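Asker: Here it is, the structure in full.
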Amino acid sequence: MMPTMSQVYLDGKFLPPEQARVSVFDRGFIFGDGVYEVIPVFGGRLFRLPHHLARLEASLAAIRLRNPHTVQEWKTIFTRLMAEHGTSDQSIYLQITRGVAPRDHAFPPNAIPTVFAYALPLKYPPAEQLMQGVTAVTSADIRWQRCDIKAIALLANALLRQQAIEQGAVEAILVRDGVITEGAASNIFIVSGDRLVTPPKGPYILPGITRDLVVEIARANKIACEEKPVGIEALRTADEVWLTSSTKEILPITRIDGRPVGAGKPGPMHARMFALYKEYKQAFIQGKVE
Ligand code: PDD
């Protein structure tokens, strides 16, 4: 089933989704040659927009594509897409590919990037997942060495997520060289005592916008938070484990590989951080923070 929306944005036009067509020779389709962003919208405002646009810029630079729009142009596109869903919480999906060209791995000299975006209502994790936490499994991180690029080529992520689901879990926690990197579509935090730890940024993880906000909130509230490698043993013995993403926010993981995390239920640090996060979000909706 297609998500409900009456208009999507494609290459300068707003169209009903069934009229939005992309060539079979688009390099996004042929090579997965493109990048994307997912931007949440709360109370009609684009949450952490400068951070998302900065990450988009970094992803584009990494694959050597020019940003096809100015910040103002992006805002105009997003505002029109958001209008469809009123003030309800939603997310904007946008992707830019290297455009249409005869199939050849080398970059085409004159291709025009394909730009696609749409808005859809945000589907929060069910209340019971927040109350009881979710299950995760660990998996070998089989992805490439530029996971910092928000690339549309998500075959490994999709395989890993699917394997997790087939084992009754919600997320795969990825392990590379004995340390955890991130989830198939999320970042990971562990809590040991009164300290938060999350893997440092680098080529093996996506610099999550929600991750950065959690780190920022922790520091502003004098909660000890370190960005350092998390070994598999630290994961197994953590008091709490969380996943973070723009669409799942901050979700407790209470079972990993069939074993309970800490007491096997969401912990007090999660309750505290989630309350602080919701406070921040409320202040944002009210225009008190940018
Ligand atoms: N994914 N790591 C990976 C591999 C991700 O795909 C995501 C988000 C994150 C979290 O980043 P952020 O906090 O900026 O959402 C980390 C999005 C939501 C997606 O692909 O739908």
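The values are calculated or read from the model by the stated rules, or taken from the named source; none is laboratory data. Nothing here was measured: the structure is a model prediction, and the numbers come from that model. Glycine also receives a Cβ, built like all others from the backbone with ideal geometry; neighbour counts cover every protein chain displayed. For accessibility, only protein heavy atoms count, side chains too; no ligands or nucleic acids. Shrake-Rupley method; radii C 1.70, N 1.55, O 1.52, S 1.80 Å.
Asker: Compute a Gaussian network model of the chain, connecting alpha carbons closer than 10 Å, and tell me which residue from Gly267, Gly28, Gly12 fluctuates the most.
Answerer: Gly12
Asker: Based on the Cβ-Cβ distance of Arg21 and Ala54, what FRET efficiency does E = 1/(1 + (r/R0)^6) give at R0 = 35 Å, to the nearest 0.05?
Answerer: Calculated transfer efficiency: 0.65.
Asker: Kindly provide the chymotrypsin sites (Phe, Trp or Tyr not before Pro) of segment 143-241 that DSSP labels as loop, not H, G, I, E or B, and whose Cβ sees at most 16 other Cβ atoms within 10 Å.
Answerer: Trp144
Asker: Ignoring solvent entirely, what values of log10 I(q)/I(0) come out of the Debye formula for segment 8-121 at 0.18 Å⁻¹ when each Cα is a single scatterer?
Answerer: Normalising to I(0) and taking log10 leaves -0.91.
Asker: For segment 126-150 and segment 232-267, what is the separation of their Cα centres, given in Å?
Answerer: 10
Asker: Next question, about the same structure. Select from Val22, Val137, Val191 the residue whose mean-square fluctuation is largest in a Gaussian network model of the chain (Cα-Cα springs shorter than 10 Å).
Answerer: Val22
Asker: State, to one decimal in nm, how far the label point of Phe29 lies from the label point of Glu216, with both points 7 Å from Cα in the Cβ direction.
Answerer: Taking the two extended label points, one gets 3.9 nm.
Asker: State, in angstrom, two size descriptors of the chain derived from its alpha carbons: Rg to one decimal place and Dmax to the nearest whole number.
Answerer: Reported Rg and Dmax, both Å: 19.4, 58.
Asker: Still on this structure, please answer the following. Return the FRET efficiency for the residue pair Thr87, Ala224: r is the Cβ-Cβ distance, R0 is 35 Å, and the value is rounded to the nearest 0.05.
Answerer: 0.45
Asker: With every protein chain in place, what's the accessible area of Phe107 (1.4 Å probe, Å², nearest 10)?
Answerer: Result for Phe107: roughly 100 Å² accessible.
Asker: So what does log10 I(q)/I(0) come out to for segment 127-285 at q = 0.09, 0.11 Å⁻¹, using the Debye formula with one equal point on every Cα and no solvent?
Answerer: Once normalised to I(0) and log-transformed, intensities are -0.25, -0.38.
Asker: Once the piece of chain linking Ala158 and Ala275 is laid out straight, how much longer is it, given 0.36 nm per residue of separation minus the C-alpha distance between them?
Answerer: 39.0 nm
Asker: Another one. In whole percent, what relative contact order does the chain give with Cα contacts below 8 Å and a gap of six or more residues?
Answerer: 18
Asker: I've got another one for you. Treating segment 213-290 as a set of equal point scatterers at the Cα positions, no solvent, please give the Debye-formula log₁₀ I(q)/I(0) at q = 0.15, 0.20, 0.26 Å⁻¹.
Answerer: Log-scaled intensity ratios, in q order: -0.59, -0.97, -1.38.
Asker: State the extension gain, in nm to one decimal, for the chain segment bounded by Asp257 and Thr79, taking 0.36 nm per residue of separation less the distance between their alpha-carbons.
Answerer: Value of the extension gain: 59.8 nm.
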